[in-house]
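Novice: What follows is a structure written as structure tokens; I'll ask about it next.
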Amino acid sequence: MKWVWRGLVLVLVAVLALVGVVLARTLMMRAPEAAAAVELPAPPAIDEAAAAARLGEAIRFRTISREAGVVDDPESFRGLHAFLARAYPRTHAAFTREYVNDLSLLYTLPGSDPSAAPILLLAHQDVVPVEAGTEGDWEAEPFSGALIDGMVYGRGAADDKGSLIAILEATEALLAQGFTPRRGVILAFGHDEEVSGAGAAAMAALLRERNIRPWFALDEGMAVVLDEPTTGGPVALIGVAEKGYMSVRVAARAEGGHSSMPQAETAADKLARAIIAIRARPFRGGVQDGPAGALLDALGPRLGFMQRMAIANRWLFGGLIEEQVSASPAGDAILRTTIAPTILAGGAKDNILPQEMHAIINLRLHPRDSVASALAHLRASVADIDGVTIEPEGAPNEPSPVSSTQGEAYALIASAAAAHVPEGAPVAPMLVLAATDSRHYVGVAENVYRFQPVWARRADLSRVHGTGERLAVADMGRMARFYAQLIAAGAR
Ligand SMILES: [Zn+2]
């Protein structure tokens, strides 16, 4: 019996050691951002109400994007350009302004040190249309720029004329103080972000051609979420990467013929089987690496003991965390490449067996996957179904690389963000699920980040691209001060 006791003692020692490691890791967990605070100058005085009124005016130019390669109403863009020149005279005197791809705007303020990499701020001039028939559901006419109860209403208020106006409010206020930067300051305002981003692509190509390599680029894409689901409180989320985009056509072929004598497996059967097989084999997730891992590292120290223990010991509890996070569609989308069948088509007549039916499946590619690896994954899922092929549909976008959360650029943006959050709220890196213009600057700027200090509840997000888009006057002020501090500290 002696060996049984010896075995039990060994197991006990192993369990105690495990508990010791888990506890030690839990207790030693610290917020990573605490180490890297950058000192910021006081922001210049910003007249919030006047800035909000100028945003309202910018909204009244109907700079709508409907279709890639087609500008709906070029005159509305030219009207906006003339308004900007009138509203921000100091900026237009100090910066050079170039038109790129006809309507995109590239502003450059050279720095005193030509060898220093400039900073690059991005925004876009265009807006999505308002769905016909929904105008009456808005609190104010969608292109009125009306001010009601401390909110500016109108298409583009949040996406993305708010940023554009706030950046110019910032440069104007800094220049009024006699601002002379060491680093150059570049502003790039695309005109077709909502359809193709060809304007941003052309501006990025121009910078590359001129051998201008910005220290960092900052775009829209993430904000201060007041009800972040992990902590239940406010968190400033800084986009450090964005997902790629690919649609594929899944085609199923069969013999066809008269519907009175169907074969054992029709094109419709094969297509159905293929979609189920694809959906049943999700892409790899994971909470160890990538933006999800960095997000958990940043938020972990703020959470209760049990959650902190799980996050600090992902080598042990990673599977459990992943299961919880992926239970919601929004959480799952952060962890992996998503698979969404969006179109099913085929068949001409009710009594004819189609020879081909197809589905379009839309993928949003996680940074750990690529267009090629995702295609291979999908093809492997249907390898045993005869007559099914998968090909890319349209031009796919690779996911962006993940920008560093360690360097000085991230520390600067995180510090500026921390100055404009509700008291004590943390700053954390995040993966952006949608596409922004910033993807065109990958490989041009050293790092690309996506953040505006707008305070938003998750329920408000449906207003962007939806009904009742708006921006709080207080957010306008926060954004202008944030950009001013970021430019002043970044360019010094
Ligand atoms: Zn946008």
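The values are calculated or read from the model by the stated rules, or taken from the named source; none is laboratory data. Nothing here was measured: the structure is a model prediction, and the numbers come from that model. As a convention, Cβ positions derive from the backbone with ideal geometry for all residues, glycine included, and neighbour counts pool all protein chains shown.
Novice: In region 159-189, what residues are away from the ligand (no atom under 16 Å from the Cβ) and aromatic (F, W, Y)?
Specialist: Correct list: F179 only.
Novice: Given (1) more than 22 Å from A411 (Cα to Cα); (2) modelled with pLDDT under 95; (3) within 16 Å of the ligand (Cβ to nearest atom); (4) surrounded by 18 or more Cβ atoms within 10 Å (Cβ to Cβ), identify the lone condition not met by G221.
Specialist: Just one mismatch for G221, condition (1).
Novice: Checking S415 against (1) of a type outside the set (A, V, I, L, M, F, W, C); (2) touching a residue at least 24 places away in the same chain (Cβ under 8 Å); (3) assigned to a loop (DSSP other than H, G, I, E, B), which single condition isn't satisfied?
Specialist: (3)
Novice: For I64, state whether it is touching a Pro at 6+ places or on another chain (Cβ under 7 Å) and under 30 Å from L299 (Cα atoms).
Specialist: no
Novice: While we're looking at this one, here's another question. When you scan region 317-337, do you find a residue that is crowded, with 16+ Cβ neighbours inside 10 Å, outside any helix (DSSP H, G or I) and of a type in the set (A, V, I, L, M), even just one?
Specialist: The answer is no, given that none of the residues of region 317-337 is crowded, with 16+ Cβ neighbours inside 10 Å, outside any helix (DSSP H, G or I) and of a type in the set (A, V, I, L, M).
Novice: What number of residues within region 143-158 satisfy the criterion of being in a loop (DSSP other than H, G, I, E, B) and away from the ligand (no atom under 16 Å from the Cβ)?
Specialist: Total meeting the criteria: 6.
Novice: Going residue by residue through region 125-141, is there one that turns out to be part of a loop (DSSP other than H, G, I, E, B), in contact (Cβ under 8 Å) with a residue 40 or more places away in the chain, away from the ligand (no atom under 14 Å from the Cβ) and among the polar types (S, T, N, Q)?
Specialist: Yes, the conditions are met somewhere in region 125-141.
Novice: Related question: Would you check if I343 is touching a Pro at 6+ places or on another chain (Cβ under 8 Å), over 26 Å from A418 (Cβ atoms), in the same structural domain as S260 (by TED's automatic domain parsing) and not in a helix (DSSP H, G or I)?
Specialist: So I343 does not fit the description; no.
Novice: Right, next: For region 167-245, please list each of the strands (runs of 3 or more DSSP E) lying entirely inside it that holds at least 2 residues being of a type in the set (G, A, S) and in contact with a helix residue (DSSP H, G or I) (Cβ under 7 Å, 6 or more places away or on another chain).
Specialist: 185-190, 235-242
Novice: Which of the following residues is outside the structural domain of L296 (by TED's automatic domain parsing) and either closer than 24 Å to T171 by Cα or touching a strand residue (DSSP E or B) at 6+ places or on another chain (Cβ under 9 Å) (or both): A459, A374, A419?
Specialist: Numbers: A459 fails: either closer than 24 Å to T171 by Cα or touching a strand residue (DSSP E or B) at 6+ places or on another chain (Cβ under 9 Å) (or both); A374 fails: outside the structural domain of L296 (by TED's automatic domain parsing).
The conditions single out A419.
Novice: With the checklist (1) touching a residue at least 40 places away in the same chain (Cβ under 8 Å); (2) closer than 30 Å to G69 by Cβ; (3) more than 14 Å from the ligand (Cβ to nearest atom); (4) not polar (S, T, N, Q) in hand, flag the one item R210 doesn't pass.
Specialist: (1)
Novice: Same structure again: Take the residues in region 418-460 that are of a type in the set (S, T, N, Q) and either away from the ligand (no atom under 16 Å from the Cβ) or over 15 Å from V235 (Cα atoms) (or both); name whichever of them is surrounded by the fewest Cβ atoms within 10 Å (Cβ to Cβ).
Specialist: N447
Novice: Can I ask one more? Among the listed residues V250, V235, which satisfies the condition of being of a type in the set (A, V, I, L, M), away from the ligand (no atom under 16 Å from the Cβ), in the same structural domain as L109 (by TED's automatic domain parsing) and touching a residue at least 24 places away in the same chain (Cβ under 8 Å)? Don't jump to the end; show me each part of the working.
Specialist: Working: V250 fails: in the same structural domain as L109 (by TED's automatic domain parsing).
Of V250, V235, the one residue that is of a type in the set (A, V, I, L, M), away from the ligand (no atom under 16 Å from the Cβ), in the same structural domain as L109 (by TED's automatic domain parsing) and touching a residue at least 24 places away in the same chain (Cβ under 8 Å) is V235.
Novice: If you go through region 425-459 one residue at a time, how many are farther than 25 Å from S196 by Cα and not in a loop (DSSP other than H, G, I, E, B)?
Specialist: Final tally of qualifying residues: 7.
Novice: Just checking, does region 191-205 include any residue being free of Cβ contacts under 8 Å to residues at least 24 places away in the same chain, surrounded by fewer than 22 Cβ atoms within 10 Å (Cβ to Cβ) and either outside the structural domain of V100 (by TED's automatic domain parsing) or among the aliphatic types (A, V, I, L, M) (or both)?
Specialist: Step one: list which residues in region 191-205 are free of Cβ contacts under 8 Å to residues at least 24 places away in the same chain, which gives 205.
If we keep only those that are surrounded by fewer than 22 Cβ atoms within 10 Å (Cβ to Cβ) as well, we get 205.
Next cut, either outside the structural domain of V100 (by TED's automatic domain parsing) or among the aliphatic types (A, V, I, L, M) (or both) only: 205.
Looking for residues that are free of Cβ contacts under 8 Å to residues at least 24 places away in the same chain, surrounded by fewer than 22 Cβ atoms within 10 Å (Cβ to Cβ) and either outside the structural domain of V100 (by TED's automatic domain parsing) or among the aliphatic types (A, V, I, L, M) (or both), one finds at least one in region 191-205, hence yes.
Novice: Within region 18-51, take every residue that is within 27 Å of the chain's Cα centre (by Cα), in a loop (DSSP other than H, G, I, E, B) and closer than 15 Å to L303 by Cβ and give me the one that is modelled with the lowest pLDDT.
Specialist: Residue satisfying both the conditions and the ranking: A31.
Novice: Moving on. Test I46 against the criterion of being over 19 Å from I167 (Cβ atoms) and touching an Asp or Glu at 6+ places or on another chain (Cβ under 9 Å), and give yes or no. Working first, answer last.
Specialist: Numbers: over 19 Å from I167 (Cβ atoms): no; touching an Asp or Glu at 6+ places or on another chain (Cβ under 9 Å): yes.
Spelling it out, it is not the case that I46 is over 19 Å from I167 (Cβ atoms) and touching an Asp or Glu at 6+ places or on another chain (Cβ under 9 Å).
Novice: In addition: Just give me the residues in region 94-143 being over 16 Å from T171 (Cβ atoms) and of a type in the set (A, V, I, L, M), in sequence order.
Specialist: Selection gives V100, L103, A116, A117, V127, V128, V130, A132, A140.
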